[in-house]
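Please read the structure below before turning to the comments.
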Amino acid sequence: MAPDPIPHPDDIVVNLKDGSIRFKGPLTQEDKVRWDKYRSRKRECDHTIAELTAMLETGTGEGMRRVLLDEIGYERRIRDIISKVIVD
């Protein structure tokens with residue numbers, strides 16, 4: 001099976017009204033490596049957020065609760081930053 005072309009046809013958006021073209025994916029192999037890394041980091045964020053949220057539900061002390069909430073907030077911010085460019 002041949003690898004997907006870069007840019008992938010699904011990642012090319014043509015505005016038929018004004019003829020503009022927008023790319024919503026990597027344009028080069030180097031870009032693809034970075035995009036794959038960021039997609040992986042988004043999945044890590046989701047996994048970490050789920051784990052930390054489950055820890056919150058086990059009933060922890062106030063100090064630990066603050067730490068967990070801070071970590072959840074951090075992971076959400078990272079995910080939001082990546083999501084502005086890498087939309088899945």
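The values are calculated or read from the model by the stated rules, or taken from the named source; none is laboratory data. Small disclaimer: the values here were computed from a predicted structure and weren't measured. As a convention, Cβ positions derive from the backbone with ideal geometry for all residues, glycine included, and neighbour counts pool all protein chains shown.
Whether any residue in region 34-47 is modelled with pLDDT under 95 and small (Gly, Ala, Ser) is what I want to check. Scanning region 34-47 turns up no residue that is modelled with pLDDT under 95 and small (Gly, Ala, Ser). Keeping to region 11-57, report how many residues are closer than 18 Å to LYS84 by Cα and either of a type outside the set (A, V, I, L, M, F, W, C) or buried (at least 16 other Cβ atoms within 10 Å of the Cβ) (or both). Qualifying residue count, region 11-57: 20.
Yes/no matrix, rows are residues, columns are (1) out of contact with any strand residue (DSSP E or B) (no Cβ under 7 Å at 6 or more places or on another chain); (2) free of Cβ contacts under 8 Å to residues at least 40 places away in the same chain; (3) farther than 23 Å from PRO5 by Cα:
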site: ILE21; (1), (2), (3): no, yes, no
site: GLN29; (1), (2), (3): yes, yes, no
site: ASP36; (1), (2), (3): yes, yes, no
site: CYS45; (1), (2), (3): yes, yes, yes
site: ILE49; (1), (2), (3): yes, yes, yes
site: LEU52; (1), (2), (3): yes, yes, yes
site: LEU69; (1), (2), (3): yes, yes, yes
site: ILE78; (1), (2), (3): yes, yes, yes
site: SER83; (1), (2), (3): yes, no, no
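Report whether or not TYR74 is without any contact (Cβ under 8 Å) to a residue 12 or more places away in the chain and part of a helix (DSSP H, G or I). It is true that TYR74 is without any contact (Cβ under 8 Å) to a residue 12 or more places away in the chain and part of a helix (DSSP H, G or I). Scanning region 1-33 for residues that are in a helix (DSSP H, G or I) and over 20 Å from the mean Cα position of the chain (by Cα) yields a single hit, PRO9.
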